[in-house]
Structure formats: C-alpha cells, structure tokens
1. By how many nm would the segment from Leu36 to Ser97 lengthen if fully extended, with 0.36 nm per residue of separation less the alpha-carbon distance?
2. Evaluate E = 1/(1 + (r/R0)^6) for Leu19 and Ser55, where r is the Cβ-Cβ distance and R0 equals 25 Å; express this FRET efficiency to the nearest 0.05.
3. Can you tell me the 0 to 90 degree angle between the C-alpha axis of helix 8-23 and the longest principal axis of the chain, rounded to 10?
4. Run the quick spin-label model on Val28 and Asp110: label points 7 Å from Cα toward the beta carbon, then report their separation in nm to one decimal.
5. Cα axis of helix 76-93 to longest principal axis of the chain: angle in degrees, 0 to 90, nearest 10?
6. Please identify every one of the GluC sites (Glu not before Pro) in region 1-77 that sits in a loop by DSSP and has no more than 12 other beta carbons within 10 Å of its own beta carbon.
7. For Cα Rg over 2.2 N^0.38 Å, one of (1) 1.08; (2) 1.49; (3) 1.01 was computed from the structure I shared and the rest are decoys. Which label?
8. Return one whole number: the accessible area per residue of the chain in Å², for a 1.4 Å probe.
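The values are calculated or read from the model by the stated rules, or taken from the named source; none is laboratory data. As the structure is a prediction and not an experimental result, all values here were calculated from the model. Counting neighbours? That spans all protein chains shown, and the Cβs are built from the backbone with ideal geometry, glycine included. When the accessible area is computed, the model is the full protein with side chains, heavy atoms only, and any ligands, DNA or RNA have been set aside. Shrake-Rupley method; radii C 1.70, N 1.55, O 1.52, S 1.80 Å.
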Amino acid sequence: MSDYDTDILIWSEHQAELLRRLAAGELVNDAEMDWLNIAEEIGDVGRSELRSCRSLLRQALRHMLKAEAWPLSRDAPTWRADAIDFRRQARDAFTPSMQQKIDVADLYADALAAMPETMDGQPPLPLPDVCPVTLDELLGED
C-alpha cells in the first residue's frame, strides 16, 4: 500500500517535490514517481473545478428561486444576497472550457427539485418550469 492510499497529503507533497526536481533538470529515481496516480490526480483537478462551478451555480439558482417563490419572507433579502455571492464565486471559478459542460437547464431542474413545498407555512408563488436565465446571465455582473 502506497502513501497515495494511506496519506494523500504526504503522497502529493512528495510527488510534487519530485516533479519540481525533474522540471529543474535533476535526475530522480523514476521508481519513486507514481505516474498513474499523478495522471489521475491531474485529471481530477479539472473535474473538481467543474463540479465546484456547477455546485455554485446550482446554489445561486436555488436561492434565486426561493427569493422569487417567497418574496415577502423575512429571509428573501438574505436569499438574494446569497444568490449574488454564489454567482460571484461561480464567476471566479468559471473558465471558458466549462461553457459546453455546464447545462443550465439541468442545474435549474435540480434547483427546482430541491425547493421546499412550503416556507413558514406558505406555499411558493408559481415558478417557471424552464430556466429563465442563461449561463452568461448567471455569470454576468449583478
């Protein structure tokens, strides 16, 4: 069992140091290089960033929907502020290559499905079945 399986922090620090040494032209023991897991982790970085951006957009949509569904709730201003914050975080996390991998309609459907049936005993106002905003609008300035 390698450090990758038992202590990912130690593994990553060691592999990073070996890669830095290799990049500097130093010879390193190739047997110490965990190439398969290095490649896997590099691939995971991009997937993780994409998941993070999607999650932030989903959260923004949920808060936008709650504020629209219960506009008179005492929490509505907080939901609107949270939606703005999630959108800003998503904008920071977004890269152009994510454009084709983010389906706003799916995120909207997820957000709708997560909506509570009531809030403080009140049913929601009607909400659109189809997402009323585009990805560009979600990521745009508030």
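1. Working: separation 61, 0.36 × 61 = 21.96 nm, distance 2.45 nm.
Computed gain between Leu36 and Ser97 is 19.5 nm.
2. On the way: r = 29 Å, r/R0 = 1.16.
After rounding to 0.05, the efficiency reads 0.30.
3. 60
4. 3.5
5. 30
6. Those satisfying the criteria are Glu26.
7. It is the value labelled (2).
8. On the way: 9230 Å² over 142 residues.
Solvent-accessible surface per residue comes out at 65 Å².
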